[in-house]
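Accompanying notes for the structure given below.
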Amino acid sequence: MSDADSFIEEVTEEVRRDRMFQLLKKYGWIGAVGVVLIVGGAGLREYNKARAQAAAEDLGDRITASLQAGDAAARAGALAAIDTEAPGGAAVVRMLQAGALAESGDSEGAVALLNAVATDGGLALIYRHTAAFKALALQAESLSAQDRMLQYEALAAPGAPLRLLAQEQMALIEVSEGKPEAAVERLTALLQDAEVTPDLRERASQVIVALGGSPDQGGPAGG
């Protein structure tokens, strides 16, 4: 490389550096703002996470304290006094309160609380269906078999979180209504479901055997 070429290259490099510094002076604030936003956003996320965790821990402590209060009626009163902004947390508290009310003998009040949770469209499906399932359990003697079947059918819809438990309850209603074949057929289908839990599989198998059927083959013996 000649001296002239070397000189031209050095000058070109200096021009590039000069342009870069000018650009940094002119637009460098954009990068600075970007860094501030990134750091600030990360800090805000951590703050919100810590705040949510603290709120959850506080709610857990208040629930624990309420569940340790005196008799069932006292526990129901203590739980009723808990106020929380988290919809899911509030739903859990109301369901626990309903359980305490039912234990104290106020089944009607418990069902009303559970139905309020079950019909709250702002809650996740798991909360609503759990509340509806508990309400139905408390109304085993007060609702007709037909009404309970209809409500369990809604809970047993494909994709519903408690669909297999609802199917089990429907089979038990069929047994109580003198329909063992229908119950065995329903429970046999339940056993074949990929999502059936070991406990539910065991219960369903026991009922099938009690009805004279076989968990492997289905159908009442001699039916």
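The values are calculated or read from the model by the stated rules, or taken from the named source; none is laboratory data. Predicted model, so just to flag it, every value in this text is computed and none were measured. Here Cβ is always computed from backbone atoms with ideal geometry, including for glycine, and neighbour counts include all displayed protein chains. In case anyone asks, the SASA skips ligands and DNA or RNA and just uses the protein heavy atoms, side chains included. Shrake-Rupley method; radii C 1.70, N 1.55, O 1.52, S 1.80 Å.
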### Task
Using the heavy atoms of the protein chains and a 1.4 angstrom probe, tell me the accessible area per residue for region 72-223 in square angstrom.
52
### Summary
Out of LEU125, LEU136, GLN146 - ranked by how far each Cα lies towards the positive end of the dipole of region 99-212, with unit charges on the beta-carbon of charged residues - the top one is LEU125
### Query
Looking at the square roots a ≥ b ≥ c of the eigenvalues of the Cα gyration tensor of region 136-180, which shape do they give, rounded for a/c under 1.5, prolate if a/b is larger than b/c, or oblate?
oblate
### Query
From the phi of every residue in region 90-103, what ³J(HN,Hα) in whole Hz does the Karplus formula 6.51 cos²θ - 1.76 cosθ + 1.60 yield, where θ is phi - 60° and glycine or proline is x?
5, 5, 4, 4, 5, 5, 5, 4, 4, x, 5, 4, 4, 5
## Note on the structure
Once GLN206 and ALA145 are pulled to full extension, the length gained, defined as 0.36 nm per residue separation minus their Cα-Cα distance, is 19.7 nm
### Task
Please report, in debye to the nearest 20, how large the charge dipole of region 93-223 is about its Cα centre when each Lys and Arg carries +1 at its beta carbon and each Asp and Glu carries -1 there.
220
## Note on the structure
Yeah, region 163-216 with a ≥ b ≥ c from its alpha-carbon gyration tensor (a/c under 1.5 is rounded, else prolate when a/b outruns b/c, oblate otherwise) is oblate
### Task
For an R0 of 41 angstrom, estimate the FRET efficiency from the Cβ-Cβ distance between ALA69 and SER214 and round to the nearest 0.05.
0.25
#### Entry: Proximal charge balance of ALA183 [Cβ under 12 Å; K/R count +1, D/E count -1]
-3
